[in-house]
Amino acid sequence: MAGLQLQSLGAGVLLILLAGILNSGLGYYLLRTGRRTNSLILEADGKHVLTDSWTSFGVVAGLGLVLLTHWKPFDPLVAIAVAANILWSGGRLVWRSAVGLLDYSDPDAGRKIRSRLDSICSELSIQYHGVRFRTTGYRQIIEVHLLFPSLTSVAAAHALATILEERLSAELGMPAEVITHLESLEDHGEVHHHEHYTGKPE
């Protein structure tokens, strides 16, 4: 009925602020490590710890504003802002987890894959088409059709395809399984045209 009597504000605020700073350091470390290793679990842990730090900073900010202005609604308003930030961070994590299960292809990843393919294929004098990719957990699965002149031996084509598979995986900076399909440069269009209308490989 009388309201809460605040005591030992100085020591309490200092402890909360110290905890917030420590949580911030730990949270950013986990978040950076998760992004570097493509681990959604580590990213989620990092964001979880960061929301703890934002909660601590929100408590200090709300209390400071109330003490400076003597306007008590500042405390719940800051708490609402902190809660909104937690919901936003959590919602984004849930969305990323969901699209991973739904076989979602990230457009940024697609641009990076095609950029590296253009560079590698130019060096190896190979043409390509039919790129498909998807993310499963921590790795990319990439399929690409490579075009070789009909006089190229299977051994030579396979050797170049192996070089491309190894280089593409290494240059993407993340685990990747690259699957190549070798085709004849001269008649691949006719073959695909036949498959399109019959549904059967020629």
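Subtracting the Cα-Cα distance from 0.36 nm times the residue separation, let me have the gained length for A170 to H145 in nm, one decimal.
Values: separation 25, 0.36 × 25 = 9.00 nm, distance 1.90 nm.
Working it through step by step, the gained length comes to 7.1 nm.
Under a point spin-label approximation (7 Å from Cα along Cα-to-Cβ), what is the S122-I179 distance to one decimal in nm?
In this crude spin-label approximation the distance works out to 2.9 nm.
Which value in nm describes the separation of the simple spin-label points at V13 and D187, placed 7 Å from the Cα toward the beta carbon?
In this crude label model, V13 to D187 measures out at 8.3 nm.
Would you mind computing, in nm to one decimal, how far apart the modelled labels at L67 and R96 are, each placed 7 Å from Cα along Cα→Cβ?
3.6 nm
Ranked highest first by average number of other Cβ atoms within 10 Å, how do 61-67, 9-15, 143-149 line up?
143-149, 61-67, 9-15
Throughout, read-outs are computed from the coordinates displayed, never taken from laboratory work. In this text, all values refer to a predicted model and were calculated from it rather than measured experimentally. Note that we place each Cβ from the backbone using ideal geometry, even for glycine, and neighbour counts take in every protein chain shown.
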